[in-house]
Amino acid sequence: MPITAGFNHVATLTTDLDRFAGFYAEAFGAEVTFRMEAANEHPRMCVIDLGGGGSLNVFEVLPAEIIGDQRKLGGRGAIDHFAIAVDSLATLETVKARLIEAGADTGDIQRLGNEWSLFFRDVDGMELEVCAPADE
């Protein structure tokens with residue numbers, strides 16, 4: 001049995017911290033709970049609360065500091081994507097509409113095993129996923 005309690009946060013990079021935070025607020029109702037201005041070698045950053053104990057730690061960097069091909073599996077680095085959890089298919093459908101309204105590129109909601117899944121590209125073009133449990 002695991003001694004861990006799940007994920008605490010995922011750290012990610014953006015070239016525009018304010019735009020990134022605004023997108024997640026609009027699409028998910030996420031809230032910025034901490035901000036830090038750039039200092040010495042540490043970039044400007046914020047913590048975005050996604051609910052359920054999980055958050056995004058977002059660092060603002062120059063475009064040249066983000067490497068890889070965000071549209072190619074394997075080109076996105078060792079961690080290909082992360083998934084945000086919602087409680088139901090109905091909430092997932094609401095999130096899809098909010099993502100579209102926020103300007104995200106979304107796929108179709110599909111069933112993958114015991115979950116409903118929706119892949120989307122965020123404001124920076126990063127491929128991510130939203131998952132909801134499938135009722136049996």
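All of the numbers you see were taken from the coordinates with simple rules; none came from a lab. These figures come from a predicted structure and were not determined experimentally. Virtual Cβ from ideal backbone geometry, glycine too; neighbours counted across all protein chains shown.
Given the chain reduced to its alpha-carbon atoms as identical point scatterers, what log10 I(q)/I(0) does the Debye formula return at q = 0.08, 0.10 Å⁻¹?
Debye intensities relative to I(0), on a log10 scale: -0.22, -0.34.
Relative to the longest principal axis of the chain, what angle (0 to 90°, nearest 10) does the C-alpha long axis of helix 89-101 take?
Around 40 degrees separate the two axes.
Which parts of the stretch 105-136 would a label at residue 61 reach, counting a residue when its backbone N lies under 18 Å from a point 7 Å out along Cα-to-Cβ?
122-128
Can you tell me the relative contact order of the chain? Whole percent, Cα pairs under 8 Å, sequence separation 6 or more. All intermediate terms of the calculation are to be shown ahead of the outcome.
Working: 235 pairs, mean separation 29.7, N = 136.
Relative contact order of the chain: 22 percent.
For 31, 41, 101, 127, which order do you get if you count the other beta carbons within 10 Å of each Cβ and list the fewest first? If you can, show how the numbers build up before the last one.
Numbers: 31 14, 41 5, 101 10, 127 18.
Listed from fewest to most nearby Cβ atoms, that is 41, 101, 31, 127.
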